[in-house]
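So the structure is just underneath, and the comments pick up after that.
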4 protein chains.
Amino acid sequence: MSVAYHANYFIWFEVGRSELLRSLGKTYRNLETTGLYLPVIEARCEFREPARYDDLLDIVTAGSLVSPVRIQFQYDIFRQTDKFHLATGLTVHASINPSGKPFRLPQDIQAVLA
Amino acid sequence: MSVAYHANYFIWFEVGRSELLRSLGKTYRNLETTGLYLPVIEARCEFREPARYDDLLDIVTAGSLVSPVRIQFQYDIFRQTDKFHLATGLTVHASINPSGKPFRLPQDIQAVLA
Amino acid sequence: MSVAYHANYFIWFEVGRSELLRSLGKTYRNLETTGLYLPVIEARCEFREPARYDDLLDIVTAGSLVSPVRIQFQYDIFRQTDKFHLATGLTVHASINPSGKPFRLPQDIQAVLA
Amino acid sequence: MSVAYHANYFIWFEVGRSELLRSLGKTYRNLETTGLYLPVIEARCEFREPARYDDLLDIVTAGSLVSPVRIQFQYDIFRQTDKFHLATGLTVHASINPSGKPFRLPQDIQAVLA
């Protein structure tokens, strides 16, 4: 019970990118209100050392523009106590409208991620 | 609520490899009893089309030996009704003992995965 | 890692009620197509004995009509190998339309659950 | 995708009790080091209003001693923006040793929770 389940890292990545967007003044809910969705089309993680129960973690997230309709986020997870690097990963997201068609990212998001 | 959460695919992958091992007469619990652990050290998924609530899915799993202390599993997820290919992924596992040291996979598992 | 996480039992309960509905010729997706949603408004579980990794489980599910706009499902989880009773639980569901207003359950579902 | 999955509330409850213990100078890991385990033996939640994607939530947690070998935690989840009360729940925990036998809670924890 003391080691974090590997699928959970992808949940932590989501926390990382949500907070990154929030720090840019955007939230997923904002974006969805404007008809923009960012489904995950690819996800990867390399697990270097397990996170354990009660570990406090830092999630360092960076976003970059792959194209006007595609974003990639990179994530690094560190244990707070000793800054040990536990895992690294990425997710790639399509930018689509509610019908699933490609939807150009707004200029302000493109500018920040470029 | 109608689209499966992306982290869940990694849970389905785990179901796939558990059942693959079971079909070979092994279970994780058996292996752990012999002191062999197979933690995930890398995981990837490409999401082609979302699984939706109530979809019945087929998980096709294949395992291959990377080295005497490393296994890779590949997964393909299909929707049962129309055989549509929803996702493809892989996980890489180290074979270790309870102290975390590399542990050579038993010959019978190596033979099957070779 | 060898004991199932307690929140997972509620996922298994969902599998139980989905399959119960499916056996009645209904699926959540069918119901949602007719504008009927069944959100969980209460959930409970008593854990008697832990499920362990690789345990094959039976989920016995029963549904009953609380009112024309409310359903309760009961669940019992058994280990397949020895029929040991691992857990018991329930969920209560409101029947609502997409605006969140009470929506009378269709007569055929009421008849089956009555 | 915009409404939180009901099983997740039990994960948030766990965050609440972990942080409550941490604020008392204890962590699960500390306790387990002393041979004390606190498995969930009962869990309940009433869902009043759904949490939505990107909602920031407050989890208010209180613990009480049921007996020298049993703890109950109560949880209330509020949406930060408007303090709306989204859910209320509880978990009951047995205090056991690694063999699963009842293990009296340490006096300092009993004192705090009494």
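Take A:ARG29 and tell me if it is touching a Lys or Arg at 6+ places or on another chain (Cβ under 9 Å), at negative phi, open to solvent by 50 Å² or more (accessible area, probe 1.4 Å) and assigned to a helix (DSSP H, G or I). First the steps, then the outcome.
Working: touching a Lys or Arg at 6+ places or on another chain (Cβ under 9 Å): yes; at negative phi: yes; open to solvent by 50 Å² or more (accessible area, probe 1.4 Å): yes; assigned to a helix (DSSP H, G or I): yes.
Yes, satisfied.
Scanning segment B:78-114 for residues that are in a strand (DSSP E or B), open to solvent by less than 60 Å² (accessible area, probe 1.4 Å) and farther than 15 Å from B:TYR28 by Cα turns up B:PHE78, B:ARG79, B:HIS85, B:LEU86, B:ALA87, B:THR88, B:GLY89, B:LEU90, B:THR91, B:VAL92. Restricted to segment A:32-47, and to residues there that are crowded, with 20+ Cβ neighbours inside 10 Å and within 30 Å of D:GLU32 (Cα to Cα), the residue that is farthest from the chain's Cα centre (by Cα) is A:PHE47.
The set of residues from segment B:1-26 being in contact (Cβ under 8 Å) with a residue 12 or more places away in the chain, of a type outside the set (Gly, Ala, Ser) and outside any helix (DSSP H, G or I) comprises B:MET1, B:VAL3, B:HIS6, B:LEU24, B:LYS26.
Taking segment D:13-40 on its own, how many of its residues are touching an Asp or Glu at 6+ places or on another chain (Cβ under 7 Å) and within 30 Å of D:VAL3 (Cβ to Cβ)? First the steps, then the outcome.
Start the filter on segment D:13-40 by keeping residues that are touching an Asp or Glu at 6+ places or on another chain (Cβ under 7 Å), which leaves D:18, D:27-29.
If we keep only those that are within 30 Å of D:VAL3 (Cβ to Cβ) as well, we get D:18, D:28.
Qualifying residue count, segment D:13-40: 2.
So, A:ALA87, is that one away from every other protein chain (no Cβ under 13 Å) and touching a helix residue (DSSP H, G or I) at 6+ places or on another chain (Cβ under 9 Å) or not? Before the answer, list the steps.
Working: away from every other protein chain (no Cβ under 13 Å): no; touching a helix residue (DSSP H, G or I) at 6+ places or on another chain (Cβ under 9 Å): yes.
The answer is no for A:ALA87.
If you filter segment B:3-46 down to residues that are touching a helix residue (DSSP H, G or I) at 6+ places or on another chain (Cβ under 7 Å) and facing another protein chain (nearest Cβ under 8 Å), you find that the one that is modelled with the lowest pLDDT is B:TYR28. As a summary of the residue check, B:PRO106 satisfies the conditions (1) more than 9 Å from every other protein chain (Cβ to nearest Cβ); (2) closer than 20 Å to A:ASN8 by Cα except for the one numbered (2).
Among the residues of segment C:66-77, those that are of a type in the set (A, V, I, L, M) and buried (at least 18 other Cβ atoms within 10 Å of the Cβ) comprise C:ILE71, C:ILE77. Close Cβ contacts (under 9 Å, 6 or more residues apart or on different chains) running from residues in segment A:46-64 that are at positive phi to residues that are among the hydrophobic types (A, V, I, L, M, F, W, C) and open to solvent by less than 40 Å² (accessible area, probe 1.4 Å) comprise A:ASP54/D:LEU21.
Determine if segment C:48-65 includes at least one residue that is touching a strand residue (DSSP E or B) at 6+ places or on another chain (Cβ under 7 Å), of a type in the set (Asp, Glu), within 13 Å of chain D (Cβ to nearest Cβ) and open to solvent by 40 Å² or more (accessible area, probe 1.4 Å).
To start, the set of residues in segment C:48-65 that are touching a strand residue (DSSP E or B) at 6+ places or on another chain (Cβ under 7 Å) comprises C:48-52, C:55, C:57-65.
Checking which are of a type in the set (Asp, Glu) leaves us with C:49, C:55, C:58.
Checking which are within 13 Å of chain D (Cβ to nearest Cβ) leaves us with C:49.
Now restrict to residues that are open to solvent by 40 Å² or more (accessible area, probe 1.4 Å): C:49.
Within segment C:48-65 (the criterion being touching a strand residue (DSSP E or B) at 6+ places or on another chain (Cβ under 7 Å), of a type in the set (Asp, Glu), within 13 Å of chain D (Cβ to nearest Cβ) and open to solvent by 40 Å² or more (accessible area, probe 1.4 Å)), the answer is yes, since at least one residue qualifies.
The values are calculated or read from the model by the stated rules, or taken from the named source; none is laboratory data. Since this is a predicted model, take the numbers as computed values, not measurements. So basically every Cβ, Gly included, is an ideal-geometry build from the backbone, and we count neighbours across all protein chains shown. Keep in mind that these areas ignore ligands, DNA and RNA; they rest on the heavy atoms of the full protein, side chains included. Shrake-Rupley method; radii C 1.70, N 1.55, O 1.52, S 1.80 Å.
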